[in-house]
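Colleague: There's a structure below that I have some questions on.
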Amino acid sequence: MSVYEHEVKALLSEAGVPVPRGVVVPVSRGDSVRDLNFAAAGELAEPLVLKAFGPGLVHKSDAGAVVLGLRAADLPAAAAEMRSRVPDVAGFLVEEQAAAGVELIVGVVRDAAFGPVLLAGLGGVWTETLRDTALRLCPVSEADARGMLASLRGSRLLYGHRGTPPVDVDAAVKLLMTIGGPGGLWERLELGEFELNPVIAGPAGVTAVDARYLPAEQSLPEETPVRTADFLPLFEPRSVAVVGASTSRPNFGNMFLDFYKAAGIPIVAVHPEAREVAGVRAVPALTAADVDYALVAVPAARCPEVVRQAAGVPFVQVMSGGFGESGRADLEAELVEAARAAGTRLLGPNCMGVYCPRGRQTFVGGGLGPPGPVALISQSGGLAGEVIKVGERRGLAFSRVVTVGNAADVTPAELLRWLVRDPETRVVGLYLEDPRDGRELYDALRAADLPVVLLVGGRSAQGQEAAASHTGGMVSDRRIWETVAEQAGATLVSSQDDLIGVLAFLQAHGSRATDGDGVLVVGPSGGASVLAADAFDLAGVRLDPLPGDALEELRGLGVTAAGNPLEVPVGPRGQPGLVPEVIDMIVRRRPFRDVVAHVNVQAFFTYGDAAEPLYAYARALAGAQEALPRTRVTLVTRNGECAPPGVEDEVRRIAAAAGIPVYRTMEAASVAIAGAVAAGGRYGTA
Ligand code: ADP
Ligand code: MG
């Protein structure tokens, strides 16, 4: 069903969106042009616009169905001419022609995952050529609406540019709110497609001169009810069962038995015949196991049958793949049904499980790391394993890590809602490929009062193909994710390294109350300092000038180039105490929120082994952090690969003991600081 332009405009007008005054002249099959009566158009102010409408007419200009600049007297002839060219005309719309202005596009699109999204941008011919648009999930706030217009690359056209007067931005904001705000038109639309292009914005107001609405062809999917489990037994089970370990050919199940044995958690194996598997007591069926958590690693086809036996087990994790991600949505549905019937909650399928040092829960070899404040929800088990191992190497300490795979039952949103209230968790990392509960996730992100660092795989077209075969879902495009992150106050990063880097920064500095603002960069002179400024610029972080009264004192310390980045001799023959002294002197005059000290590690090892001066520098910096508890100190060890094995770890250890995070590149440090800035002052409650 298509809705004609004048019908949409009636809807708009009723909602309070200004549209041109107009009259409709319907055409019946047998009508000749002479029968048409344009008398009512005499009431309208010239110049007039004539438009045809009809069932097949979508892009009217392309079909020659729009003529501008007419007088009332011209209408019959123009209509006759138009009708001779345009097939299937159901009628004409005659309307007043709005004065020229800035043409905007305003629309609502339905994102597959996140639902209705308001779009605003430069309209008319600019829409396709410039693609200058801003997005926000509905409902938008007034600040969102204003921010959308301000974020356009061509926003200067709106605020007055080279002698053209500014347009009525307040009216444009009001229009956006009427469409996409709380209680706005978006709530009544069954999308489909809804587009006003153009809305003409001028100094005296805005007018929607074109309107298109295509209701959805099929009815929309029903919203799934929001569920809220207590996930504590998932992370800290009293005991666990492993289904699928073999007595003869070690498989994934056996690997997990080994992990659990090493972690020291009570385990039982489930095996149809054996009374013992790999030295672990075995029972014939899950029904006979009294556990909080069962790990299922049997072939996909047998999983539903196993899950049906899980009554009384709060959580079952299905490790096996071979479900939705490989075209077996039917088997996945059967699995979910089995879990419902058994009254258990299902993790996965197609996932690795849970890691929680506190709960002796694990899916990685090499022992449990230290417990800490960082939680991670990951749709990829492999990536979660890497973030755990690499992250722990870099000093991360985890509260809870959970992999969700296809998220057929337990979803990232449900886990996030629980984690933000978990007293052990103070920051959450999220790796997603398929936001199938997008709206719920968005709501959970907005409600989160601790920092959430978001890494989304498959944001590029190429990545989407990879992700689709990975977790069996479609991925929303990158702009939607940027919008979601911005609106929800989450920090969006673009690599695994940055995910770890931002989490590490928040772990180190998240609970530090700071004074001041801005970033001071201190390190050796040369190109590295110049590039440091560029790196921070790219990350959107300001490097403010030094306080004027510091310059003289700096000269006294032998530091002559007094900019930010500040160039101070650092090296094997340098004074390890100089940098801390300089930092202290500057921060006491002008409280920078962040201080980034960088060293060129290679310089310490070019003329022999100078690890000791490097350690001395790190210790001196640790002293500076202790002396300035309300400043966040960060260390960048550039060219760390030039140090002998173990040196970087020792530097990291010295820094970590003082709460200083360490990065190997200025880019990584700048992203971490920008990420922490995006998180605002949030850090979970202690
Ligand atoms: P299309 O279906 O081709 O998008 P439109 O209704 O948007 O048709 O008309 C095409 C163009 O004509 C618009 O982009 C706008 O520049 C101009 N236009 C249409 N209606 C009016 C009007 N009432 N006042 C001023 N300009 C108009
Ligand atoms: Mg149009």
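The values are calculated or read from the model by the stated rules, or taken from the named source; none is laboratory data. Everything numeric here is computed off the predicted structure, so don't read it as measured data. Cβ: placed from backbone, ideal geometry, glycine included. Neighbour counts: every protein chain shown. Heavy atoms of the whole protein, side chains included, go into the accessibility calculation; ligands, DNA and RNA do not. Shrake-Rupley method; radii C 1.70, N 1.55, O 1.52, S 1.80 Å.
Colleague: What length, rounded to one decimal in nm, is gained on full extension from ALA40 through to GLU305, with 0.36 nm per residue of separation minus their alpha-carbon distance?
Modeller: Contour length minus Cα-Cα distance gives 88.1 nm.
Colleague: Can you put GLU273, GLU337, GLU305 in order of accessible area, largest first, using a 1.4 Å probe?
Modeller: Sorted descending by solvent-accessible area, the residues read GLU273, GLU337, GLU305.
Colleague: Which value in nm describes the separation of the simple spin-label points at MET255 and MET585, placed 7 Å from the Cα toward the beta carbon?
Modeller: It works out to 5.7 nm between the two label points.
Colleague: Hey, what's the chain come to in accessible area per residue, 1.4 Å probe, Å²?
Modeller: 42
Colleague: Can you tell me the mean projection area, over all orientations, of the convex hull of segment 182-256's alpha carbons? Units nm², please.
Modeller: Average projection, Cα convex hull of segment 182-256: 12.5 nm².
Colleague: Hey, quick one: spin label on ASP449, modelled 7 Å out along Cα-Cβ, who in segment 642-686 has an amide N within reach, i.e. under 14 Å?
Modeller: Inside the label zone: 681-686.
Colleague: What part of the accessible area of segment 21-96, given as a whole %, is carbon or sulfur when the probe is 1.4 angstrom?
Modeller: For segment 21-96, the apolar C and S fraction of the accessible surface comes to 52 percent.
Colleague: If you stretched the chain out fully between ASP537 and ALA143, how much longer would it get, using 0.36 nm times the residue separation minus the C-alpha to C-alpha distance?
Modeller: Extending this stretch completely gives an extra 139.3 nm.
Colleague: If the viscosity is 1.306 mPa s and the temperature 10 °C, what Stokes-Einstein diffusion coefficient in µm²/s follows for segment 229-348 when Rh is the Kirkwood radius over Cα pairs?
Modeller: The diffusion coefficient I find is 112 µm²/s.
Colleague: Here's another thing I want to ask about it. I need the P(r) histogram for segment 21-96: all alpha carbon pairs, bin width 5 Å from 0 out to the longest distance, whole percents.
Modeller: Whole-percent P(r) values from 0 Å outward: 3, 17, 32, 26, 16, 5, 0.
Colleague: Let me ask something else about it. In deg cm²/dmol and to the nearest 500, what is the mean residue ellipticity at 222 nm of the chain if only DSSP H runs of at least 4 residues count, each as -39500 (n - 2.57), divided by the residue total?
Modeller: Using -39500 (n - 2.57) per qualifying helix, the result is -10000 deg cm²/dmol.
Colleague: Considering only protein heavy atoms, what is the solvent-accessible area of MET177 at a probe of 1.4 Å, reported in Å² to the nearest 10?
Modeller: 40
Colleague: For segment 102-215, taking Cα atoms only, what is the radius of gyration to one decimal and the Dmax to the nearest whole Å?
Modeller: Spelled out, the Cα radius of gyration and Dmax of segment 102-215 are 13.2, 43 Å.
Colleague: Let me ask something additional. Over what distance in Å are the Cα centres of segment 253-275 and segment 560-623 separated?
Modeller: About 51 Å separates the Cα centre of segment 253-275 from the one of segment 560-623.
Colleague: Also: How high is the relative contact order of the chain, in percent, with contacts defined as C-alpha pairs under 8 Å that are six or more residues apart?
Modeller: 8
Colleague: Further, regarding this structure: Sequence gap of 8 or more, or different chains, plus Cα separation below 22 Å: how many lysine pairs satisfy both in the chain?
Modeller: Lysine pairs satisfying the spacing and distance rule in the chain number 5.
Colleague: While we're looking at this one, here's another question. So, with a 1.4 angstrom probe, what is the percent of accessible area on segment 510-682 that is carbon and sulfur?
Modeller: Carbon and sulfur together cover 53 percent of it.
Colleague: Bins of 10 Å, beginning at zero and ending with the bin holding the largest distance: percent of Cα pairs per bin for the chain, please.
Modeller: Going out from 0 Å in 10 Å bins, the chain shows 3, 13, 18, 18, 17, 14, 10, 5, 2, 0 percent.
Colleague: Give the distance, in whole Å, between the Cα centre of segment 426-451 and the Cα centre of segment 319-341.
Modeller: One Cα centre to the other: 24 Å.
Colleague: Mind pulling the per residue volume of the convex hull built on the Cα atoms of segment 351-429? Å³ is fine.
Modeller: Given the Cα convex hull of segment 351-429, per-residue volume reads 77 Å³.
Colleague: Hey, another quick one. Report the antiparallel proportion of the DSSP beta bridges in the chain as a percent, rounded to a multiple of 5.
Modeller: So the antiparallel bridges in the chain amount to around 50 percent.
Colleague: Can you give the Rg and Dmax of segment 351-508 based on its C-alpha atoms, in angstrom?
Modeller: Cα only, segment 351-508: 14.3, 40 Å (Rg, Dmax).
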